[in-house]
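The values are calculated or read from the model by the stated rules, or taken from the named source; none is laboratory data. From a predicted model like this one, the values you see are computed outputs, not experimental measurements. Cβ atoms come from the backbone with ideal geometry, glycine included; neighbour counts cover every protein chain shown. Surface accessibility is based on the protein's heavy atoms, side chains included, excluding ligands, DNA and RNA. Shrake-Rupley method; radii C 1.70, N 1.55, O 1.52, S 1.80 Å.
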Amino acid sequence: MTLIAYPLSGVLPDIRPARPTRDWIDALPEQYGYRCLPLNIASMHGWEVCCPVRVTAVWDGGIGVEAITVTAEEQHPLLPASHFGSGVLTFHVAALFRTPPGVNLMVTGPLNHPKHGIMGLSGIIETDWSPYPFTMNWKFTAPGVPVTWEKGEPFAHLMPIQRGLVESLTPEVRDLDSDPETAAQYRAWAASRSQFNTDLQTPGSAAAQERWQKGYYRGKQPDGSDGPPGHEIKVRAKPFPDK
């Protein structure tokens, strides 16, 4: 299983495994955002393409390509540009990717990495056969708001996804009690969560010392037994070699 990048500008863009940390989570009291394992796994799930220089863009609210002004700290052939108009800013990824058969590549904004005044748009490409490169596009949400990417800050997130998986799943709705084991596990958790939240208000209690329930994070069932052996608390995407 390989993810191949063919540089289109002579040099491989700054692509790295997606980071497990976020500045805004670091600034939270006790960095409590890192307690959310689903959020952490998503943040690490793929690769980030990073800005080669510090660049600032601002949109004046117009629909023409001239409505976006881009200023860079230094010149670079891969600066973002106004290409589509209507407040859409385009970054060139500058690589052609090839994935294994049946695997697409989703390109989207850096996950769990918000930016004021703009949002990353998402696309899915059949990179197992396509000879066509793609861009990463951002849509301004407010005029007159300068948006800056620092050098080394990600502007795109790449995530492989299996083609056809969505169509292969058949949605169903079932009564929870039709699966007695799952129902019992859920109700055990719900009862323990309610008691835990009550005990949190008591200084010195076991809940106050533990601060947050760690069952899902540790891959444990509500009764303390082990969950599935494949439970993940980290995703370790392999880096592209330096060339």
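A few notes on this one:
- Figure legend. Inter-residue proximity from the stretch 62-75: first residues assigned by the TED database to the domain that holds PHE91, second residues open to solvent by 90 Å² or more (accessible area, probe 1.4 Å) and assigned to a strand (DSSP E or B), beta-carbon distance below 7 Å, spacing 6+ or different chains. Indicated pairs: VAL65/HIS83.
- Any hit, the stretch 6-25, residues being open to solvent by 40 Å² or more (accessible area, probe 1.4 Å), hydroxyl-bearing (Ser, Thr, Tyr), under 30 Å from TYR216 (Cα atoms) and part of a helix (DSSP H, G or I): no
- Pairing residues of the stretch 112-130 that are over 26 Å from GLY102 (Cβ atoms) with residues that are open to solvent by 20 Å² or more (accessible area, probe 1.4 Å) and charged (D, E, K, R), at Cβ distances under 9 Å and at least 6 apart in sequence or on separate chains, gives HIS113/ARG19; HIS113/ASP23; HIS113/GLU153; ILE118/LYS139; MET119/LYS139.
- Screening GLU73 with (1) more than 29 Å from LYS234 (Cβ to Cβ); (2) open to solvent by less than 40 Å² (accessible area, probe 1.4 Å) gives one miss only, at (2).
- Candidates LEU105, LEU37 - the one that is aliphatic (A, V, I, L, M), within 17 Å of the chain's Cα centre (by Cα) and buried (at least 18 other Cβ atoms within 10 Å of the Cβ): LEU105
- Condition broken by ILE63, with the remaining ones in (1) closer than 24 Å to SER9 by Cβ; (2) surrounded by fewer than 16 Cβ atoms within 10 Å (Cβ to Cβ) satisfied: (1)
- When MET136 is tested against (1) modelled with pLDDT of 95 or more; (2) part of a loop (DSSP other than H, G, I, E, B); (3) open to solvent by less than 40 Å² (accessible area, probe 1.4 Å); (4) not polar (S, T, N, Q), exactly one condition is not met: (2).
- Every pair of residues 6+ apart whose Cβ atoms lie under 9 Å, when the first sits in the stretch 186-213 and is closer than 20 Å to TYR34 by Cα while the second is charged (D, E, K, R) and assigned to a loop (DSSP other than H, G, I, E, B): LEU200/ARG211
- Unmet requirement for PHE140, which otherwise passes all of (1) in contact (Cβ under 8 Å) with a residue 60 or more places away in the chain; (2) among the aromatic types (Phe, Trp, Tyr); (3) over 15 Å from TRP59 (Cβ atoms): (3)
- Residue within the stretch 63-84 that is farther than 22 Å from THR135 by Cβ, at pLDDT 95 or above and part of a loop (DSSP other than H, G, I, E, B) present: no
- Any chance VAL53 is in contact with a strand residue (DSSP E or B) (Cβ under 8 Å, 6 or more places away or on another chain), at pLDDT 95 or above and not in a strand (DSSP E or B): yes
- Taking the conditions (1) under 19 Å from ASN104 (Cα atoms); (2) surrounded by 12 or more Cβ atoms within 10 Å (Cβ to Cβ); (3) out of contact with any Cys (no Cβ under 9 Å at 6 or more places or on another chain) in turn, THR148 satisfies each one other than (1).
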